[in-house]
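Report on one structure; see the data block that follows.
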Amino acid sequence: MTSLFDPDHWQSVPFHFWTICWFILGSMVGSFLNVCVYRMPRGLSVVHPPSHCPNCEYRIPWYLNMPLITWLVLGGKCANCKIPINFRYFALELVTGLIFLATWLSIGPASTGLAIAYATILSAFLVATLIDFEHFIIPDQITLGGIGAGLIFSFAVPALHLTEDRATSMERSATGAIVGLLLVYSIVRLGKLMFGKMHIKLPDSAKLIFTETELILPDEAVPYEELFYRKSDSIKFQAERLELVDRCYAGVQVQLSPKKLIVDQESFDPEAVKHMEAICHSITLPREAMGLGDVKFMGAIGAFLGWQSTVFSLMVSSMIGAAIGVGLILIGRREWSSRLPYGPYIALAAVIWMFMPDVWQAICLDHLNSLVETMRPQGVL
């Protein structure tokens, strides 16, 4: 009789059994990802308190916390207060289960360790995409945690970097993280210098009106949600005259962000200011495509997949973004393009790299390597 710790014992287990186990495992991971999507951007612990209804605080017992099944049995409602539960919870559990299933079927027979690594990074992509769409941030738990996880997986599964040597795998992982961080950070800094802010000249004595929901310029109204994507975003202008609730100012510097309104040296809570009018000659509005979250996100991708993946993901994500932007213009929804974060484009490009590496290496990186070889001085490098 073989021991449970004997590898030969598990090799005799039917492949279909493991297939079912991977789908169940994926749906369980999806249940945890729902917790991450809700709590991480709010700065809450993903461990404590245990799962509960956000409406009535009802603590969910284990038998009502089974992925997929519970949502269907309860009809998508809380067992206690009967408030509808967002369909996203069920959908994320199902999608994660299918991703784990597809990963196992495509990679599992060759390498279980590689399948686990790929399932992990795909799960991180799901969380990052959902949070970025809703909050325009990618939490450090995903990005910095992803860099750490990439280094650990690179040591445990050298095949992640197409080698059998752990030291080589770790070196490629560290190089990928560094290249990903530096590459995107340099682009972000350059973008800030060139396109990070939009300076608008206004007609003489133009009036700006700030309501609770939008900025009204002389020729258009811009919702705040199209201007304030991150906490660091702000509107700046020099006001000849400023009318603020029951106060009036002349010749003051004004800075408005989602969390604070600064008039010279005075600070106000923007939510308490229902209406504000200003006379000025120009205004500076925020305009950024990528933030530091995207920088760290690319570092995590490099740690898992190597430096080549970061170059590829950067190029292809820009193509995806451009294609989506053109498509939105063609259907008359140009304003939607400014509401889409860049993180999902990076994640999609990385997924393409993960499952079609040979094709894309042949198309893109062979040309890049040839260019490097032709530019390399003989005997120098």
query: Got a number for residues in the stretch 320-351 being in contact (Cβ under 8 Å) with a residue 24 or more places away in the chain and part of a helix (DSSP H, G or I)?
result: 12
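So, in the stretch 110-138, of the ones that are under 8 Å from the mean Cα position of the chain (by Cα) and not β-branched (Val, Ile, Thr), which residue ends up surrounded by the fewest Cβ atoms within 10 Å (Cβ to Cβ)?
Within the stretch 110-138, the first condition is being under 8 Å from the mean Cα position of the chain (by Cα), and the residues that meet it are 125, 127-133, 136-138.
From what's left, not β-branched (Val, Ile, Thr): 125, 128, 130, 132-133, 136.
Details: Phe125: 24, Ala128: 28, Leu130: 19, Asp132: 26, Phe133: 14, Phe136: 21.
The selected residue is Phe133.
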message: Quick check on Leu215: is it surrounded by fewer than 18 Cβ atoms within 10 Å (Cβ to Cβ) and either in contact with a strand residue (DSSP E or B) (Cβ under 9 Å, 6 or more places away or on another chain) or not assigned by TED's automatic domain parsing to the domain that holds Trp18 (or both)?
response: no
- prompt: For Val73, are the conditions met, namely being within 30 Å of Ala156 (Cα to Cα) and not assigned by TED's automatic domain parsing to the domain that holds His135?
  reply: no
task: Report whether or not Ile138 is modelled with pLDDT of 95 or more, farther than 22 Å from Ile24 by Cβ and assigned by TED's automatic domain parsing to the domain that holds Leu340.
output: no
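Filter the stretch 250-297 down to residues that are among the hydroxyl-bearing types (Ser, Thr, Tyr) and more than 14 Å from Phe228 (Cα to Cα), then give me how many there are. Reasoning before the result, please.
Step one: of the stretch 250-297, the residues among the hydroxyl-bearing types (Ser, Thr, Tyr) are 257, 267, 282, 284.
Checking which are more than 14 Å from Phe228 (Cα to Cα) leaves us with 267, 282.
Count: 2.
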message: From the list Thr168, Thr103, Thr120, exactly one residue is assigned by TED's automatic domain parsing to the domain that holds Thr19 and among the β-branched types (Val, Ile, Thr). Which is it?
response: Thr103
- request: Find the strands (runs of 3 or more DSSP E) located wholly in the stretch 213-282 whose residues include 3 or more that are in contact (Cβ under 8 Å) with a residue 40 or more places away in the chain, and list them.
  value: 235-244
- line: (1) at pLDDT below 85; (2) not in a strand (DSSP E or B) all hold for Ser186 apart from (1)
- prompt: Among (1) at pLDDT 95 or above; (2) within 17 Å of the chain's Cα centre (by Cα); (3) of a type outside the set (Asp, Glu), where does Val95 come up short?
  reply: (2)
- request: Test Ala115 against the criterion of being assigned to a helix (DSSP H, G or I), touching a Phe, Trp or Tyr at 6+ places or on another chain (Cβ under 7 Å) and modelled with pLDDT of 90 or more, and give yes or no.
  value: yes
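Look at the stretch 18-59 and say how many of its residues are aliphatic (A, V, I, L, M) and over 25 Å from Glu134 (Cα atoms).
Narrowing the stretch 18-59 to residues aliphatic (A, V, I, L, M): 20, 24-25, 28-29, 33, 35, 37, 40, 44, 46-47.
If we keep only those that are over 25 Å from Glu134 (Cα atoms) too, we end up with 20, 24-25.
Total satisfying the criteria: 3.
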message: Looking only at the stretch 45-65, filter to residues that are surrounded by 15 or more Cβ atoms within 10 Å (Cβ to Cβ) and more than 27 Å from the chain's Cα centre (by Cα); which one of those is nearest to Gly26 (Cα to Cα)?
response: Leu64
task: Filter the stretch 300-347 down to the residues that are in contact with a helix residue (DSSP H, G or I) (Cβ under 6 Å, 6 or more places away or on another chain) and aliphatic (A, V, I, L, M), then identify the one that is modelled with the lowest pLDDT.
output: Leu328
statement: Checked the stretch 68-125 for anything β-branched (Val, Ile, Thr), within 23 Å of Ala300 (Cα to Cα) and in contact with a helix residue (DSSP H, G or I) (Cβ under 6 Å, 6 or more places away or on another chain); matches are Thr96, Ile99, Thr103, Ile107, Ile121
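The values are calculated or read from the model by the stated rules, or taken from the named source; none is laboratory data. The shown structure was predicted, so the numbers you read here are calculated from the model rather than taken from an experiment. Cβ coordinates were reconstructed from backbone atoms using ideal geometry, including for glycine residues, and neighbour counts include every protein chain displayed.
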